[in-house]
Amino acid sequence: MKKDIRSLTFEELSGTLEAMGEKRYRAGQIYSWLHEKQVSDFEQMTNLSRPLRQKLADNFFLTVLEAVQVLTSKLDGTRKYLFRLSDGNVIESVWMEYHHGASVCISSQVGCRMGCRFCASTLDGLVRNLEPSEMLEQIYRMQEHMGRRISSVVVMGSGEPFDNYDNFVKFVRILTDPRGLGLSARSVTVSTCGLPDRIRDLAGEGLPVTLALSLHAPDDEKRRQLMPVANKYSIKEVLAACDTYFEKTGRRVSFEYSLVGDVNDTEEEARALAALLGKRNCHVNLIPVNPIKERKYVRSGGAAAANFKNILEKSGINVTIRREMGRDINGACGQLRRSYQEERPGKVSL
Ligand code: SAH
């Protein structure tokens, strides 16, 4: 069976090529075509002989994503991409412009099985995991389309990255390899609904990525109403794993808290959250919830959000309200894919 060549780490690629009888230095050349120049065809690897290019095409396949839709915000240049995978599934990615450079938000799975109540990505459950190549390709094709290099990545699109842990870690290893795109691990943020074992595993990988934990409630009872995963792990267990992550990597953890009107945005809840986080060196990111038509949740009012933020600030916690990017094209996570599928029933699968 042909191997997915863009999903191989440098070491795996070298080993595979050597086993095929190729010289050592070939791995460096090919890896650079795949991850530095980010080619879409073996034929573009012009410093390789024609027979070698043919040999690669016989033994490997090259994953390339095709953009089927690109929405551009007229307000701030944010772009939402819908990419088609080779099996016909579609996924979303976002390009965002900041003062310090461009940041992209990528998906880690097609769909999701975590079931968070306010999230559109999980409504139809998990379809499948993304391969490392499919996570990388979202970045490579957006860079190609924009003609620019990115400066940071957030894994906050559809999917639970820690439910696809091995592929996620491989993705980060390839992304941060200086022989490829060479992004610093510090420029990568991974967001999780909170799987303590995987948080501890990541702390031991030697990859100092920023960890963002989706908290969304200050106590287990409220969290269970919003996030089914809270039935499995208590906040205490998850925070203990986050503390380990901080101790081992020195990376300050971010806590995400989606503000849902009349659900988790009262002053008592702000105070409870401040007490819960205590003296931790952390950052809280408040996200006014993005309403989805399948659920009744509404965004907190501006005054409630500002009040919530003030209470946290007064307790000495670093807190920001997430700036909304691409307001005019800003369907919530997973909504572009859903609307594409609803418009084209049956046309998505090839
Ligand atoms: N599975 C990962 C990544 C999810 S998306 C996780 O759970 O963290 C990134 C963040 O957006 C998460 O905090 C998620 O809970 C939140 N989110 C998802 N849908 C949202 C919506 N409609 N409004 C506001 N935040 C949402």
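Of the residues screened, Val172 is not one that is at pLDDT 95 or above and within 30 Å of Arg224 (Cα to Cα). Filtering Thr176, Thr122 for residues that are in contact (Cβ under 8 Å) with a residue 24 or more places away in the chain, buried (at least 17 other Cβ atoms within 10 Å of the Cβ) and within 10 Å of the ligand (Cβ to nearest atom) leaves a single hit, Thr122. Among the residues making up the stretch 296-319, a single one is open to solvent by 60 Å² or more (accessible area, probe 1.4 Å) and either within 16 Å of Ala217 (Cβ to Cβ) or among the β-branched types (Val, Ile, Thr) (or both): Val298. Considering the stretch 140-163, and only residues there that are surrounded by fewer than 22 Cβ atoms within 10 Å (Cβ to Cβ) and part of a helix (DSSP H, G or I), the residue that is farthest from the ligand (Cβ to nearest atom) turns out to be Glu144.
Select from the stretch 223-243 the residues that are in contact with a Lys or Arg (Cβ under 7 Å, 6 or more places away or on another chain) and open to solvent by less than 40 Å² (accessible area, probe 1.4 Å) and write down the one among them that is nearest to Cys119 (Cα to Cα). That would be Leu226. Applying the condition of being at pLDDT 80 or above and in contact with a helix residue (DSSP H, G or I) (Cβ under 9 Å, 6 or more places away or on another chain) to the stretch 320-335 and asking which residue is surrounded by the fewest Cβ atoms within 10 Å (Cβ to Cβ) yields Thr320.
Yes or no, residue by residue, for (1) without any contact (Cβ under 8 Å) to a residue 12 or more places away in the chain; (2) of a type outside the set (S, T, N, Q):
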{"residue": "Met142", "(1), (2)": "no, yes"}
{"residue": "Asp166", "(1), (2)": "yes, yes"}
{"residue": "Ser184", "(1), (2)": "yes, no"}
{"residue": "Leu207", "(1), (2)": "no, yes"}
{"residue": "Leu215", "(1), (2)": "no, yes"}
{"residue": "Leu226", "(1), (2)": "no, yes"}
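The values are calculated or read from the model by the stated rules, or taken from the named source; none is laboratory data. Values in this document were obtained by computation on a predicted structure and should not be read as measured data. Every residue, glycine among them, receives a Cβ derived from its backbone with ideal geometry; neighbour counts consider all protein chains shown. For accessibility, only protein heavy atoms count, side chains too; no ligands or nucleic acids. Shrake-Rupley method; radii C 1.70, N 1.55, O 1.52, S 1.80 Å.
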